[in-house]
Amino acid sequence: MERRKVDIVVISDVHLGTYGSRAFELAKYLRSIQPKTLILNGDIIDIWYFKKNYFPKTHLLVIKEITSLLSKGTHVHYIVGNHDEALRKFKGFTIGNFSLQNHLKINLPTGTAWFFHGDIFDYTMKYSKWLAKIAGEGYNWLILLNTFINWLSQLAGRGKISLSKKVKNSVKGVVNHVNKFEMAAAQLAVENKVDYVICGHIHQPEIRDINVGDKKITYLNSGDWVENSSALEYNENEWKLYYFEKDTQLIEEFVWDEIEKSLNYDFILEELLPELSKN
């Protein structure tokens with residue numbers, strides 16, 4: 001399969017190392033594209049809930065595909081989020097085409113884009129991290145339950161449903177939180193004199209213009225690879241949201257056996273996982 005060329009791709013909230021991560025879908029997507037720049041906008045590896053006895057080969061495959069893109073000349077920027085905040089002590093680290101940082105600004109032909117994860121707007125993260133972790137644990141169980149329900153639904157010949165989306169869309173407080181998050185991001189963008197603000201964190205894919213006084217800001221959110229399997233793509237001076245479930249050609253392609261043989265799984269089990277579990 002010939003890789004599709006894209007100027008910039010943004011993904012966030014993959015949560016590798018958790019049961020809800022749709023790592024295999026992401027690996028398929030990464031293998032289908034050749035971006036000039038790949039921005040990993042936080043919560044790629046979920047260090048909060050990391051367990052040495054759970055890191056499937058499909059999760060390792062995502063890492064393999066990212067390193068493959070690096071070897072092909074893609075510039076990869078890893079922006080730290082809250083679930084992988086243990087990596088923040090390495091901010092500023094650069095090797096070859098890879099860099100790790102807290103935020104990133106890029107001057108595009110259509111304006112200046114500012115990338116950051118977005119957890120700075122989360123009150124529970126700033127003042128009650130233990131409360132955020134409890135809420136995150138509940139979210140993980142909801143995703144796990146949802147996976148089981150969808151398995152039964154597919155056996156019955158029905159489509160997938162998202163319990164977490166139904167909860168988010170029906171609870172007024174959650175809707176208000178999303179709106180406040182987006183407005184706060186837009187206001188911060190005005191203060192920093194940028195045209196685009198690109199976040200993750202709230203698992204809500206979005207592209208929309210927000211007026212702050214006499215200034216128009218384009219707010220973008222890449223969504224996640226737990227519920228939405230979504231990404232942001234910038235190509236030919238235009239931003240678009242990508243949804244894996246709408247990519248019917250890609251869903252049908254991809255041979256697992258060809259790449260499984262190349263996975264260095266012992267390295268993950270013996271070196272990477274013990275190191276991450278210390279944090």
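The values are calculated or read from the model by the stated rules, or taken from the named source; none is laboratory data. In this text, all values refer to a predicted model and were calculated from it rather than measured experimentally. Because the Cβ atoms are built from the backbone with ideal geometry, glycine has one as well, and the counts that use them run over all protein chains shown.
Of the residues LEU241, LEU263, LEU232, LEU220, which single one is out of contact with any Phe, Trp or Tyr (no Cβ under 8 Å at 6 or more places or on another chain) and at pLDDT 80 or above? Give the steps one after another, and end with the answer.
On the way: LEU263 fails: at pLDDT 80 or above; LEU232 fails: out of contact with any Phe, Trp or Tyr (no Cβ under 8 Å at 6 or more places or on another chain); LEU220 fails: out of contact with any Phe, Trp or Tyr (no Cβ under 8 Å at 6 or more places or on another chain).
Residue meeting the stated conditions: LEU241.
State which residue pairs qualify: first residue of a type in the set (A, V, I, L, M) and inside the stretch 93-121, second residue part of a loop (DSSP other than H, G, I, E, B) in any location, beta carbons under 8 Å apart, and separation of 6 or more residues or different chains.
Note: pairs meeting the criteria are LEU100/VAL80; LEU100/LYS91; LEU100/GLY92; LEU100/PHE93; LEU108/ASN237; ALA113/VAL194; ALA113/ASP195.
Which condition from (1) modelled with pLDDT under 85; (2) under 27 Å from ASP7 (Cβ atoms); (3) out of contact with any Ser or Thr (no Cβ under 7 Å at 6 or more places or on another chain); (4) of a type in the set (A, V, I, L, M) is the one that ALA189 breaks?
(1)
Inside the stretch 62-125, counting only strands (runs of 3 or more DSSP E) that do not spill past its ends, which hold 2 or more residues that are surrounded by 14 or more Cβ atoms within 10 Å (Cβ to Cβ) and more than 14 Å from the chain's Cα centre (by Cα)? If you could, list the steps in order and put the result at the bottom.
Numbers: elements: 75-79, 98-101, 103-108, 111-116.
Qualifying strands (runs of 3 or more DSSP E): 98-101, 103-108, 111-116.
Looking at ILE202, is it part of a loop (DSSP other than H, G, I, E, B), among the β-branched types (Val, Ile, Thr) and at pLDDT below 95? Reasoning before the result, please.
Numbers: part of a loop (DSSP other than H, G, I, E, B): yes; among the β-branched types (Val, Ile, Thr): yes; at pLDDT below 95: yes.
Spelling it out, ILE202 is indeed part of a loop (DSSP other than H, G, I, E, B), among the β-branched types (Val, Ile, Thr) and at pLDDT below 95.
Output the residues belonging to the stretch 10-49 that are under 12 Å from TYR78 (Cα atoms), more than 11 Å from the chain's Cα centre (by Cα) and buried (at least 21 other Cβ atoms within 10 Å of the Cβ).
Result: LEU38, single match.
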